[in-house]
Amino acid sequence: MQGKTIAVLEQRLGKQLAELIVKRGGRAVHAPALSEVPDVDSEFVSSLIGRLRSRPAQVAIFQTGVGTHALFKATDALGVTPGLLEILAAATVVVRGPKPTAALRSRGVRIDRAAEAPFTTPDVLRAIADVDCKRVIVQRYGATNVELEHALRQRGAEVIEIPTYRWALPEDTGPLVALIDALEAGAVDAVAFTNAVQVHHLFSVAEAARRKTALEAGLDRTLVASIGPVCSDALRKRGVRIAIEADPPKLGPLVAALESALAR
């Protein structure tokens with residue numbers, strides 16, 4: 001990565017990703033493309049715990065570590081965590097990846113099913129293919145997982161989504177506009193996308209600034225790296241050519257793949 005400029009759109013782990021790039025001799029340009037906004041409704045959570053105790057769910061799906069921690073933080077404040085733990089003890093608990101796994105284990109929750117890598121929605125659905133899904137709790141992440149919800153409803157399930165946080169555009173979109181300028185000028189060697197929503201937000205900012213054509217042309221001549229299949233799908237739908245997809249879908253393999261590609 002010596003002397004190469006890599007754009008980082010990650011928000012929460014952006015600093016960590018930038019440090020990995022700098023350690024390898026690269027220059028990181030940080031332009032966060034989303035912000036995580038808390039979205040836990042305490043009244044809804046309290047009411048839901050009561051309803052689930054009288055009418056249990058067969059399955060509970062946890063999709064992110066951040067969201068799982070946020071849910072337990074809310075139940076702690078409400079004093080209903082014991083009730084939540086009872087509900088989970090009677091359900092089939094399903095995790096999408098290692099982060100919700102760690103969050104649940106820190107609370108002593110038994111995990112029954114785990115999606116296999118790369119932890120996509122189809123992997124979650126395969127993990128519960130043989131499970132009775134009449135009533136399903138889904139811990140929502142930054143946006144509703146429409147694919148998961150639709151598939152569950154197709155199986156006849158009642159889906160109860162628990163919002164924990166939502167994704168929004170950063171208050172300051174200046175760094176994203178500056179990134180579009182840099183891409184247009186050919187001043188960026190690679191762009192690292194670590195979330196599908198980053199793709200949508202970057203194009204949304206470009207469209208609002210009437211710079212969509214400049215963004216498309218800039219990305220077309222830049223090495224584009226994706227964290228995994230979901231992110232890659234969002235890029236392809238925008239007509240973006242992907243040079244790298246991390247395997248497994250984690251920051252370390254993404255940076256290693258970037259380093260190898262840029263060296264070539």
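Which whole-number percentage describes the relative contact order of the chain, with Cα contacts under 8 Å and a sequence gap of 6 or more? Provide the component values of the computation, followed by the final result.
Values: 491 pairs, mean separation 55.1, N = 264.
Over the chain, the number comes to 21 percent.
Taking Rh as the Kirkwood radius, which is the inverse of the mean 1/r over Cα pairs, what is the Rg/Rh value for region 37-167? Walk me through the intermediate numbers first.
On the way: Rg = 13.3 Å, Rh = 14.5 Å.
The Rg/Rh ratio comes out at 0.92.
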When the charge dipole of the chain is computed with +1 on Lys and Arg Cβ and -1 on Asp and Glu Cβ about the Cα centre, the Cα farthest towards its positive end, among Ala190, Ala127, Leu84, belongs to Ala127
Summing Lys, Arg as +1 and Asp, Glu as -1, what charge do residues with Cβ under 14 Å from the Cβ of Ile111 carry, Ile111 excluded? +4
If packing is taken as the average number of other Cβ atoms within 10 Å across a peptide's residues, how do 87-100, 226-239 rank, most packed first? 87-100, 226-239
Computed over region 37-167, the relative contact order (Cα-Cα under 8 Å, seq sep at least six) in percent reads 32 percent
Take Ala214 and Val177, extend 7 Å from each Cα along the Cα→Cβ direction, and tell me the distance between the two endpoints in nm. 1.0 nm
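Rounded, prolate or oblate, given the Cα gyration tensor of region 154-264, with a/c below 1.5 counting as rounded?
oblate
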With the calculation restricted to Cα positions, what are the radius of gyration and Dmax of the chain in angstrom? 20.0, 61
The helix 14-23 Cα axis meets the longest alpha-carbon principal axis of the chain at an angle in degrees, between 0 and 90 and rounded to 10, of 40 degrees
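Go ahead and estimate [θ] at 222 nm for the chain from helices alone: -39,500 (n - 2.57) per DSSP H run with n ≥ 4, summed, over the residue count, rounded to 500.
Numbers: 12 runs with 125 residues, N = 264.
Only helices count here, giving -14000 deg cm²/dmol.
Rounded to the nearest 5, what is the percent of antiparallel bridges among the DSSP beta bridges in the chain?
Working: 4 of 32 bridges.
Approximately 10 percent, going by the DSSP bridge assignments.
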Using only Cα atoms, tell me the angle between helix 42-54 and the longest principal axis of the chain; keep it within 0 to 90° and round to the nearest 10. 40 degrees
Can you tell me the 0 to 90 degree angle between the C-alpha axis of helix 251-263 and the longest principal axis of the chain, rounded to 10? 20 degrees
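Throughout, read-outs are computed from the coordinates displayed, never taken from laboratory work. What you are looking at is a predicted structure, and each value in this text was computed from that prediction instead of being measured. Cβ: placed from backbone, ideal geometry, glycine included. Neighbour counts: every protein chain shown.
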